[in-house]
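The values are calculated or read from the model by the stated rules, or taken from the named source; none is laboratory data. Worth saying up front: this structure is predicted, and the values here are computed from it rather than measured. In this analysis, Cβ positions are derived from the backbone assuming ideal geometry, glycine residues included, and neighbour counts consider all displayed protein chains.
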Amino acid sequence: MNEHPETIVAFTQLQRSYHNHVLHYMIFFIITGLPLLSTSFSFIGSFFAIPYDFLGGAYPVLSASGLTDNERLSAGLQVARVIHRITALLFVVHTIPFVVVQLIHVRSWAIWPEDSWGPAALFRGIKGLWVNYVCFGHVRIGKFNVGQKLFAWTMILAVTAITLSGFVLMFRDQFSEGVQEFSRFVHAASFVTIGVFLIVHLYLALLPMNRPSLYAMFRDGGLPTDYVRSHHALWYENLTRKKGIDPKPAEKAEHSV
């Protein structure tokens, strides 16, 4: 029996499915959330007035041409808000079973530190990012480097914050004005944070060194064993140790941290 399989499962089917559907949700969140966030994106809100007036206007053939600019924007924001809320509901319904499954396996999360939470470990991890993304070298890391772990924790906190604040805003009549204002701030700040981190995430995912993981996420979830052994030495050694298999020597890192 081959003790060293050709591929190692990096992402389960549930993780891949959830990740891919989140991309769809984010598209709707962004195009409907931007006009609600700032008047700088009013043109997007006005665009949503076209189906609104076509379906509900007295003169459908005129589309939105019979509306004033303010009326068009107001109608468009109503449509954007409805789509935003429906998307949010679908997202929450989709997220609940995913979170339950992940919490069951919380001890095996790959976003925990391999050694410690201390400043020294964080500094080594940040130094490793320089080696990875600037020097294009290899360092001894687990399944994820420190940047990917910080991204994951930031997204967990931001998504939790935007969900809770969105709940308050959806049922604003049940909360005081102060709570509503604070929730608007949290919702907007979380939205901007998620947007910025997603842009960085997309850019880094497309780098040649990360493409095997990108392909794994959108295909069968498997990474070549040799790739894992050379690029994720700590993860590979941990996997083989759990199976009682002597790991093959990992390729020597081009740089050490």
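Side notes on the structure shown:
- Applying the condition of being part of a helix (DSSP H, G or I) and in contact (Cβ under 8 Å) with a residue 40 or more places away in the chain to the stretch 126-146 and asking which residue is nearest to Asn238 (Cα to Cα) yields Gly128.
- Candidate set from the stretch 193-248 (those that are of a type in the set (A, V, I, L, M) and in a loop (DSSP other than H, G, I, E, B)); member that is modelled with the highest pLDDT: Leu206
- Pairs where the first residue, in the stretch 227-245, is of a type outside the set (Phe, Trp, Tyr) and the second is modelled with pLDDT of 90 or more and in a helix (DSSP H, G or I), C-beta under 6 Å, 6+ apart: Val228/Tyr236; Arg229/Tyr236
- For Gly128: the one exception among (1) surrounded by fewer than 14 Cβ atoms within 10 Å (Cβ to Cβ); (2) closer than 30 Å to Pro208 by Cα: (1)
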